[in-house]
Amino acid sequence: MNLLTKPNTMELEAMNQDPRSMSLVKLAAFGALACMAIGLSAERAGAAYTLDRWYQMGDDMLFAGTGSAESASNGAEVGSNASIAGVTYDSAATDNDSFQALTAIGADGAPTYVQYGVGGNPAAPVAGASSMNSFGIRLDGVDDYLEGVALNDPSVTAPGSNVSYSTQDRGFQLWAYPFSPGEIPQWLVDDGDEHGVSLATGGAWSAKLRDDNVDSGVMATTNGWDHLMVVHDEAGLGTGAAYVNGIATSTQGLGYDSGSVAKLLVGANSETDDADLQIPPADLTNPGFYAGIIDEIEMFVIDDGSAYGQFDYLTDNGYFTDVFLPSQSGYGFTLNASTGHNSQQWIDGDIDFDGDFDADDVQVFIDGWLSRRPDLPGAGLQVGDYQTLALGDLDLDGDTDVDDWVVLRLLNPPLGSLPSLAQLNAAPEPTACVLLAAGALACCGPRRRNH
């Protein structure tokens, strides 16, 4: 968990920021921010990434009830009853594309299905979506994994695909139930050896962004569910970013090897050998097999919003929408049967998450003024999440500053509730109670780049 802090005057000077004035640069950006704020509600209502793959791990929404159904059952080997033997299906089939199934591989038997709530198995990761999520896939940590065609660079047409995208921005998210860390890192997803997530030997989550592994320092929930997300977003965030249970944990710079020949592996490391071969399992280098359950892998494509949808943490991060938001007083969970996610959306400006935008939210913003989280691990730009949002970080860049004041002002707060910048800058620092409250919630300066 990141402790959010307000910088003192010396720190602000070191960052060449004046806490008592609004720079000309920020004034020049006012118009752009105003346009952004005016369009927030309209954009959020239509915001959605383009889903390229959806691995439901046995639930098979696309073919269920037909002769082509995957027909999962508890304890059965993956694909043992499917119309295409030995695979788990992709339920997205974007633009009538040939779906990109995952082949189940194991030297001593394939990975197996887990039916939730049966025979000591855990419950589904999201209670509200359990009606359409009965199964996950268990990998034994010895020789089990799933193999498919890498998405990697979505502007390069994948073999067997009918779809190519005019963007390199992409991401994925999933639910993971790890049994325990091992003597070597355990790989949950490795897409083209460029984008992935693993469980480090010490038990913390690690994200692969442009083939650089960045440890988060966030410990995995052993024998419990964690939500993981990795995004490469040049058009929106301007960085690569990773999230664990809705909290930003690391960032990385942009750019990656679009010509990687490595495959998509689930449950193992996709790094190729010296001859660029990947003939499993013998030629996998440091396979890093994962022991645990994996479910609901979504692989998606994004851009500036003109074609594929612009990444929006507030609608696209499955933990924020499906777990955190319903836990707050102003929201619940309404299942969208087409996506498997919560159809209730965050209300613009609702910093206290009570279901409306009012003077109370403005007061929370005032209390959090100039709060800032410490730099995240990695070399990318800073990003925010629901923890920083709870202190007024409306533009989700990791701090609460003049940019957020502009956004809040354009949301038309109650008359007289929002102080001027001069009044805000004369206010005392956030109290310890405010900072502790932000921590409990988690159980326009220049974008800061990590060092």
Hey, can you tell me all the residues within the stretch 104-128 that are surrounded by fewer than 18 Cβ atoms within 10 Å (Cβ to Cβ), among the β-branched types (V, I, T) and closer than 14 Å to E70 by Cβ? none
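Could you say whether any residue in the stretch 390-405 is at pLDDT below 95 and surrounded by fewer than 22 Cβ atoms within 10 Å (Cβ to Cβ)? Before the answer, list the steps.
Going residue by residue through the stretch 390-405, those that are at pLDDT below 95 are none.
Taking every residue of the stretch 390-405 in turn, none turns out to be at pLDDT below 95 and surrounded by fewer than 22 Cβ atoms within 10 Å (Cβ to Cβ).
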Cβ-Cβ distance below 7 Å, separation of 6 or more or different chains: which pairs start in the stretch 389-415 with a residue that is over 10 Å from W369 (Cβ atoms) and end on one that is surrounded by fewer than 20 Cβ atoms within 10 Å (Cβ to Cβ) and aromatic (F, W, Y)? V406/F30; L411/F357
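For the stretch 140-175, enumerate the residues that are farther than 29 Å from S80 by Cβ, hydrophobic (A, V, I, L, M, F, W, C) and touching a Pro at 6+ places or on another chain (Cβ under 9 Å). Spell out the reasoning first.
The initial filter retains those residues of the stretch 140-175 that are farther than 29 Å from S80 by Cβ, namely 152-157, 163-171.
Those still in the list that are hydrophobic (A, V, I, L, M, F, W, C) too: 156, 163.
The one that is farther than 29 Å from S80 by Cβ, hydrophobic (A, V, I, L, M, F, W, C) and touching a Pro at 6+ places or on another chain (Cβ under 9 Å): V163.
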Scan D60, D97 and give me the residue that is assigned by TED's automatic domain parsing to the domain that holds G171, modelled with pLDDT under 85 and buried (at least 16 other Cβ atoms within 10 Å of the Cβ). D97
Kindly establish whether L151 is at pLDDT below 95, crowded, with 17+ Cβ neighbours inside 10 Å and within 16 Å of the chain's Cα centre (by Cα). no
Are there any pairs, at least 6 apart or on different chains, whose C-beta atoms fall under 6 Å, with the first in the stretch 107-134 and not assigned by TED's automatic domain parsing to the domain that holds H227 and the second assigned to a loop (DSSP other than H, G, I, E, B) and crowded, with 17+ Cβ neighbours inside 10 Å, and if so, which? none
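For T221, are the conditions met, namely being in a loop (DSSP other than H, G, I, E, B) and at pLDDT below 95?
On the way: in a loop (DSSP other than H, G, I, E, B): yes; at pLDDT below 95: no.
No, not satisfied.
The values are calculated or read from the model by the stated rules, or taken from the named source; none is laboratory data. Since the model is a prediction, treat every value here as computed from it, not as a measurement. Here Cβ is always computed from backbone atoms with ideal geometry, including for glycine, and neighbour counts include all displayed protein chains.
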